[in-house]
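Below: one structure, written as structure tokens.
The values are calculated or read from the model by the stated rules, or taken from the named source; none is laboratory data. Model, not experiment: these values are computed from the prediction. For the accessible areas, the whole protein counts, side chains as well, though only heavy atoms, and no ligand, DNA or RNA atoms are used. Shrake-Rupley method; radii C 1.70, N 1.55, O 1.52, S 1.80 Å.
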Amino acid sequence: MFEWFVDNRSLLIWLSFFSAIFFIVSLIALPWLVGLIPEDYFFNTTTDSQNANEDNFFYKLAMKIGKNAIGLVLLAGGVLMLFLPGQGLLTIFMGAVLIDYPKKKLIERRLIKIGFILKCLNWVRIKGGHSSLRLNKDSD
């Protein structure tokens, strides 16, 4: 096994470099992304397509492609962070929020009801000066 490490030294250096970069980027980007989630996101019934500007098709398409690309990168990075240093579960959740897929709202509501995830998201939001996420209209 030691021979494999010696033979693949440059690969290990690159993996370590990218792991450190992704860790630093996630520490900066995740609080910003969590702060962008509207406080009523989990009980609001309107969808992004209903809120979007219907006039500019190309702008809307570019935003959708960009949002999904960032979501896929976050999802993949979050899965890697389960084994590498980083905020794996939070990164996976933020990737899942950004990506468009069938039954998205239902899955998001189930995930957010996991106390640990909601508690982490609200902690990050409060530290960033945002109000806590609410799961229904009556909650604070």
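Within the set 116, 58, the sole residue that is of a type in the set (Phe, Trp, Tyr), at pLDDT 85 or above, open to solvent by 80 Å² or more (accessible area, probe 1.4 Å) and assigned to a helix (DSSP H, G or I) turns out to be 58.
Scanning for something over 30 Å from residue 136 (Cα atoms), open to solvent by less than 30 Å² (accessible area, probe 1.4 Å) and not β-branched (Val, Ile, Thr), does region 71-89 turn up at least one residue? Looking for residues that are over 30 Å from residue 136 (Cα atoms), open to solvent by less than 30 Å² (accessible area, probe 1.4 Å) and not β-branched (Val, Ile, Thr), one finds at least one in region 71-89, hence yes. Looking across region 18-33 at every residue that is at pLDDT below 85 and of a type in the set (Phe, Trp, Tyr), the one that is farthest from residue 125 (Cα to Cα) is identified as 18.
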